[in-house]
Each structure stands twice: as C-alpha cells, then as structure tokens.
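Student: Handing you a structure now.
The values are calculated or read from the model by the stated rules, or taken from the named source; none is laboratory data. A quick note: this is a predicted structure, and the numbers were derived from the prediction, not measured. Using ideal geometry, Cβ is built from the backbone for each residue, glycine included, and neighbour counts are taken over all protein chains shown. Note: areas computed on protein heavy atoms with side chains; ligands, DNA, RNA excluded. Shrake-Rupley method; radii C 1.70, N 1.55, O 1.52, S 1.80 Å.
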Amino acid sequence: MKKEFQDKVVLITGSSMGIGKAMASHFAMRGAKVAINARNAEKLGRTAKELRQEGFEILEVPADVSVWEQVEGMITSVVTHFGQLDILINNAGIATRGSVENVSPEVFQKMVNVNILGSVFPSKAAMPYISKQSGSIIFVSSIAAFYGLPYNGIYSSTKKALTAFSESLRLETKEKGIHVGIAYVSFTENDPQKIILDSDGNRIYLENRKGIKKQSPETVSSIISNMVLMRRNSVSLSFMGKALNFIHRIFPGIIKMIYTRNMATIKAQSEGKPRYVEAEKNK
Ligand SMILES: NC(=O)c1ccc[n+]([C@@H]2O[C@H](COP(=O)([O-])OP(=O)(O)OC[C@H]3O[C@@H](n4cnc5c(N)ncnc54)[C@H](OP(=O)(O)O)[C@@H]3O)[C@@H](O)[C@H]2O)c1
C-alpha cells in the first residue's frame with residue numbers, strides 16, 4: 001500500500017473498536033502515526049497493543065470527548081508526543097433507539113453531549129495545531145442525517161447538527177488553510193460488541209441488523225482516508241447513501257413516503273428484545 005500519510009499525525013476519536021479502529025489501522029498502513037481514543041482505557045490499551053503488533057506507531061489517549069478538560073488534555077498529549085497534529089477524525093458517537101415519547105431526558109442530553117459537543121470540542125482544541133500543518137478536520141456523520149429517521153430522532157438530529165457545524169467551521173477556517181470534511185456513513189458491519197443505549201439509558205448490545213446491505217469498516221476507512229487526500233468537503237457512502245443524499249435535497253417528500261410506508265418495520269426494530277450489558281445507567 002502507498003504511504004500517502006507518511007510523516008502525518010492522525011487523531012481518531014472513538015477508535016478502540018468499530019469504524020474508528022478500522023480507520024486507525026488503515027491510516028497507519030498508509031504511513032501515518034496514529035493517536036487512538038476512547039473512554040475505556042483498558043480496552044483502548046488492548047486495541048493499541050494489537051495495532052502495535054502490526055508494526056504501527058500508535059499512541060493511546062483515553063478521554064471522554066464530551067468533557068472539555070479531557071479533550072484539552074487529549075490534544076496536548078498528542079502534540080507533546082508526536083510534535084504535531086495533521087488530521088482529526090471526529091468519529092466517536094453513540095446511538096439510542098425509541099420514540100420521542102419514550103426516550104428519557106437524560107438520554108437526549110447524553111446524545112447531544114457526545115455526538116455534538118464530542119465533535120465540537122476536539123475540533124476547537126485541535127484547530128491551532130491543524131492550522132499549522134494545513135491539515136484536515138473530518139466529521140463522521142450518518143445517512144440518518146438527511147431526513148429525521150422515526151424512532152431515531154435524537155440520533156438523526158445530532159448527526160444533522162454536524163452538517164451545519166462543519167459548514168460554519170469550513171468558512172471560518174478557510175484562511176487558516178484547514179480542510180473541513182463531513183462523511184455521511186451508511187449501514188456498516190458493526191463490531192459484535194457494539195453497545196447502544198436503550199430509551200432509559202441502559203447499555204444494550206446492538207443486534208446484527210438483518211436484511212440490510214452493509215459496508216465493511218475497511219471500505220468506510222478507505223473512502224474517508226481518500227476524502228482527506230483529495231480534500232473533499234463531503235462524501236456519502238454506499239449507493240443508498242448517495243441516492244438518499246440526492247433525493248432528500250430535490251424531492252424530500254419521497255423520503256417521507258418511504259419512511260411512512262416502513263414505519264411498522266422501523267418501530268419493530270427499535271423495540272426488539274434488548275440484551276443488556278450490565279445494570280448500569282448512562283455510562
Ligand atoms: N455502525 C454504523 O452502521 C454507522 C452508520 C452511520 C454512522 N456511524 C457513525 O460512525 C461512528 C462510529 O460508529 P461505530 O459503529 O464504529 O461505533 P462503535 O463500534 O459503537 O464504537 C464507538 C467508539 O467510540 C467510543 N466512544 C463512545 N463514547 C465516547 C466518548 N464520550 N468519548 C470518547 N470515545 C467514546 C467507544 O469506546 P468507549 O465506550 O470506551 O468510550 C468506541 O471506541 C459513529 O459516529 C457513528 O454514529 C456508524
């Protein structure tokens with residue numbers, strides 16, 4: 001594989017598993033030094049060890065991206081260790097399920113904290129360093145951002161908020177030479193250990209979503225890394241993602257009709273029998 005990211009330092013938030021971990025491996029394979037992040041330090045350490053065994057240069061920076069002081073500490077650690085920061089991938093994100101009527105206020109709050117502020121804070125803290133390198137800030141959004149998905153209202157809203165934030169940031173940082181990109185990720189094969197929140201904030205495993213065509217985390221990583229290389233503003237993943245992006249802008253009524261026709265299926269998926277991780281709330 002070509003080493004297009006040789007001498008570049010990449011920080012990927014939420015990278016102890018799933019798409020973030022795949023991106024860490026992908027950027028490292030293409031020559032980057034990679035800082036990985038998550039809240040659970042033990043699990044992050046295991047991921048770092050695995051990636052180092054592949055011969056990659058990896059730094060682990062445990063932090064909660066929704067807490068400003070921890071984010072400042074994370075960015076300082078990366079810059080102190082590597083001497084620079086070129087690319088920030090705001091990947092950390094959480095999901096919940098349930099109707100607006102059922103989801104608790106605490107879960108709404110947590111979704112906003114992690115999915116919006118958890119991308120806003122790292123971007124703000126990293127900006128001075130990324131500007132020095134004329135580097136990139138990338139937001140990992142979702143095709144759920146195009147049109148409010150029923151029974152996933154707060155998830156859709158937080159991902160849609162990233163669209164507006166990335167637009168503002170792109171205009172504000174043009175003179176500073178920062179590239180700002182947003183990736184609308186489609187259904188992706190999830191880690192078997194992927195955890196989401198139920199409507200009360202209990203941690204439950206996300207069951208394998210059957211009957212849906214999914215992309216591999218490796219494909220997602222390749223598309224996002226190419227977006228960085230080509231300094232593209234936005235990319236929609238998968239054929240369905242591209243079609244949804246086009247249709248929602250020109251004929252939003254069609255998306256509304258598709259969702260309305262499939263309400264029963266979407267509702268049933270959001271109410272599937274939960275498999276609890278532990279009896280703790282709001283971790
Ligand atoms: N999977 C899909 O089908 C899909 C589709 C569209 C968009 N996306 C987006 O792609 C991104 C990655 O999704 P994924 O499915 O790969 O996620 P995942 O497997 O659930 O992994 C989430 C990662 O984020 C970390 N994390 C969670 N909260 C955090 C916080 N407050 N601070 C720091 N790290 C945190 C987790 O570790 P800790 O729990 O230890 O913190 C974990 O490493 C998300 O933004 C998601 O919304 C995913």
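Student: Starting from the exponent 0.38 and prefactor 2.2 Å, build the expected Rg for the chain from its residue count and divide its actual Cα Rg by it. Let's see the in-between values first.
Tutor: Numbers: Rg = 18.2 Å, N = 283, 2.2 N^0.38 = 18.8 Å.
Normalised Rg, Cα atoms only: 0.97.
Student: Okay, next question. Under the rule of at least 5 residues apart or a separate chain, name every residue whose amide H is placed under 5 Å from the amide H of GLY181.
Tutor: ILE137, ILE138, PHE139
Student: Highest GNM mean-square fluctuation, the chain, Cα pairs closer than 10 Å: which of ARG97, ARG170, ARG261?
Tutor: Result: ARG261 has the largest fluctuation of those listed.
Student: To the nearest 20 debye, what charge dipole does region 164-261 have about its Cα centre, counting +1 at the Cβ of each Lys and Arg and -1 at the Cβ of each Asp and Glu? Don't skip to the end; give the middle numbers.
Tutor: Details: 15 positive and 9 negative charges, 84 e Å.
Charge dipole, region 164-261, about its Cα centre: 400 debye, nearest 20.
Student: Quick query: amide H of THR188 versus all other amide H atoms, modeled in the peptide plane; which residues come in under 5 Å with a sequence gap of 5 or more or a different chain?
Tutor: It is GLN215, by chain and number.
Student: Would you be so kind as to identify which of SER168, SER16, PHE121 lies farthest towards the positive end of the dipole of the chain, taking Lys and Arg as +1 and Asp and Glu as -1 on Cβ and the Cα centre as origin?
Tutor: The Cα lying farthest towards the positive end belongs to SER168.
Student: Quick one: compute a quarter of the convex hull surface over the Cα atoms of region 1-83 and quote it in nm².
Tutor: Values: hull surface 20.1 nm².
Across all orientations, region 1-83 yields a mean hull projection of 5.0 nm².
Student: Rounded to whole Å, give me the distance from the Cα center of region 1-50 to that of region 177-213.
Tutor: Here the answer is 18 Å between Cα centres.
Student: Just want to confirm a number: the relative contact order over the chain, from Cα pairs under 8 angstrom separated by 6+ residues, in percent.
Tutor: Values: 548 pairs, mean separation 50.8, N = 283.
Over the chain, the number comes to 18 percent.
Student: Could you give the size of the charge dipole of region 9-281 about its Cα centre, using +1 on the Cβ of each K and R and -1 on the Cβ of each D and E, expressed in debye and rounded to the nearest 20? Walk me through the numbers before you get to the answer.
Tutor: On the way: 33 positive and 23 negative charges, 182 e Å.
Computed about the Cα centre, the dipole is about 880 debye.
Student: Please report, as a whole percent, how much of the solvent-accessible surface of the chain comes from carbon and sulfur atoms (probe radius 1.4 Å). Present the calculation step by step, with values, prior to reporting the outcome.
Tutor: On the way: 7450 of 13850 Å².
Its accessible area is 54 percent carbon and sulfur atoms.
Student: Continuing with this model, one more query. For the chain, build the charge dipole from Cβ charges (+1 Lys, Arg; -1 Asp, Glu) around the Cα centre, then report which of ILE154, GLY73, GLN269 sits farthest towards its positive end.
Tutor: Positive-end residue among those listed: GLN269.
Student: To make sure I understand the rule: partners must be lysines, Cα under 27 Å from the Cα of LYS267, and not fewer than 8 residues away in the same chain. Which ones qualify?
Tutor: Result set, ordered by chain and number: LYS110, LYS159, LYS160, LYS194, LYS210, LYS213, LYS214, LYS242, LYS256, LYS281, LYS283.
Student: Okay, next question. Only Lys, Arg, Asp and Glu count, each charged at its Cβ (+1, +1, -1, -1), so figure out the dipole size of region 1-148 about its Cα centre, rounded to 20 debye. Could the numbers behind the result be given before it?
Tutor: Working: 15 positive and 13 negative charges, 72 e Å.
About 340 debye.
Student: Let me ask you something else. Give me the accessible area per residue for region 9-281, probe 1.4 Å, as a whole number in Å².
Tutor: Numbers: 12940 Å² over 273 residues.
Accessible area per residue, region 9-281: 47 Å².
Student: Compute the angle between helix 217-229 and the longest alpha-carbon principal axis of the chain, please, reported from 0 to 90 degrees and rounded to the nearest 10.
Tutor: 50 degrees
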